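The values are calculated or read from the model by the stated rules, or taken from the named source; none is laboratory data. These numbers were taken from a predicted model, which means no experiment stands behind them. Here the Cβ is made from the backbone with ideal geometry for all residues, glycine too, and neighbour counts use every protein chain on show.
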Amino acid sequence: MTSCVVVGGGLAGLLAARRLRDAGVSVTVYDAGSQPGGRLATRREMGGVWDVGAQHFTAREEPFVTLVDEMRATGMVRTWFRGLPPPDPPYLGADDPRRHEPHHRGHPGMSAIADHLARSLDVRTCAPVARLVRDGDRWRTETADATTTSSDAVLLTAPVPESLALLDAGGVRLPAAAADDLRALRYEPTLCVLGVLDGRSELPDAGAWYGDGDPVSWLGDNHRKEISPIPTVTIHAGAQFSREHLDADAASWTGALAAAAEPLLGRPVRVHATHRWRYATPVEPYPERTLVVEDAPPLVFAGDAFHGPRVEGAALSGLAAADVLLGRLGT
């Protein structure tokens, strides 16, 4: 049986792993986090629920549209709102279809999607990969706790800088053109505050607010999103604020971010927790769904930095990567 290691248990990695598994490939998924999903992350504590990373998503292209329809039929995916939440983007014309496009959420939380996809897969969580070593016509994946897995192929879906670091640690030299393309990919970070409110927020409509300013770029009322039994809010900072404070002590920026959100929420914010997404948003994604490394055993890069930075982009990249690997493996 042919084998593949997938590094990164986010949406791209999980969808690729399922497609490979269904084609008869033995697949092992390694993820550094405590739960699979990457930015499909939901936190449940002290009676509150917060979607921490990706807040919602659209479905525009096959086969992602069909996948979302299937999950909607089970109740695992539900429509949160249509169009873009306030403030009304000036770049959308009156007839722009995005004004009425459904935006979906996972239920009960975005992590439900990842949990479903990870079922029946060999997913190793809390298992950060330390290095990737070429071993003749195979790959050897070594984790931080010295676990070693040999495979015919490797799919790298973690943020590109992290994936490149694994290859560097294993002494793997990429072809110059591929290395240049990958090292040119950049990400914007996002700082996140998870707050508790003392009552219903004053956010309009479904409880979502989207802006392009700083310090606040997103507000999501998780109670009105129907995932939290108590009023909780997810606050995302804008790119500039996040860059400036990414490596600072959380105490130096949480108060400012919460205070900036309070006039929009109409409620004081009690900060419950924070999170830093160092590689939140690809700035200029790679133009193709995947990057295939030539002159090596099958090695493919995929994820939301490839062709599209949205949730759907990650999904389509993962599925495309699986198809490429199946071709390379002759499966």
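Quick one: is residue 273 surrounded by 19 or more Cβ atoms within 10 Å (Cβ to Cβ) and not basic (Lys, Arg)?
Details: surrounded by 19 or more Cβ atoms within 10 Å (Cβ to Cβ): no; not basic (Lys, Arg): yes.
In short, no.
Yes/no matrix, rows are residues, columns are (1) in the same structural domain as residue 319 (by TED's automatic domain parsing); (2) surrounded by 18 or more Cβ atoms within 10 Å (Cβ to Cβ):
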residue: 30; (1), (2): yes, yes
residue: 48; (1), (2): no, yes
residue: 54; (1), (2): no, yes
residue: 60; (1), (2): no, no
residue: 65; (1), (2): no, no
residue: 71; (1), (2): no, yes
residue: 79; (1), (2): no, no
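A count restricted to segment 300-328 and to residues that are over 17 Å from residue 187 (Cα atoms), aliphatic (A, V, I, L, M) and in a helix (DSSP H, G or I) stands at 9. Can you tell me which residue among 263, 297 is more than 18 Å from residue 211 (Cα to Cα), modelled with pLDDT of 95 or more and either more than 24 Å from the chain's Cα centre (by Cα) or part of a helix (DSSP H, G or I) (or both)? Unique residue meeting the criteria: 297. Which members of segment 289-331 meet the condition of being among the basic types (Lys, Arg) and within 18 Å of residue 138 (Cβ to Cβ)? 328, the sole residue that qualifies.
Taking residue 156 as the residue in question, decide whether it is within 26 Å of residue 284 (Cβ to Cβ), modelled with pLDDT under 95 and touching a strand residue (DSSP E or B) at 6+ places or on another chain (Cβ under 8 Å). The answer is no for residue 156. Consider residue 229 carefully, then state whether it is in the same structural domain as residue 314 (by TED's automatic domain parsing), at pLDDT 95 or above and of a type outside the set (S, T, N, Q). It is false that residue 229 is in the same structural domain as residue 314 (by TED's automatic domain parsing), at pLDDT 95 or above and of a type outside the set (S, T, N, Q). Pairs under 9 Å by beta carbon, first residue under 18 Å from residue 197 (Cβ atoms) and in contact (Cβ under 8 Å) with a residue 60 or more places away in the chain in segment 211-222, partner among the hydroxyl-bearing types (Ser, Thr, Tyr) and not in a strand (DSSP E or B), six or more apart or different chains? Filtered contacts from segment 211-222: 222/228.
Could you list, in sequence order, the residues of segment 1-51 that are in a helix (DSSP H, G or I) and under 12 Å from the mean Cα position of the chain (by Cα)? Break it down into steps so the answer makes sense when it comes.
Here is the first cut: in segment 1-51, the residues in a helix (DSSP H, G or I) are 11-22.
The answer is 11, 12, 13, 14.
Each residue in segment 210-226 was checked for being aromatic (Phe, Trp, Tyr) and at pLDDT below 95, and 1 of them qualify.
For segment 157-184, a residue qualifies if it is assigned to a loop (DSSP other than H, G, I, E, B), within 21 Å of the chain's Cα centre (by Cα) and crowded, with 21+ Cβ neighbours inside 10 Å, and the qualifying residues are 157, 158, 159.
The set of residues in segment 293-331 that are touching a Phe, Trp or Tyr at 6+ places or on another chain (Cβ under 8 Å), closer than 22 Å to residue 173 by Cα and either surrounded by fewer than 22 Cβ atoms within 10 Å (Cβ to Cβ) or acidic (Asp, Glu) (or both) comprises 293, 297.
Scanning segment 86-121 for residues that are out of contact with any Gly (no Cβ under 6 Å at 6 or more places or on another chain), at pLDDT below 75 and of a type outside the set (Asp, Glu) turns up 86, 87, 89, 90, 91, 92, 93, 94, 97, 98.
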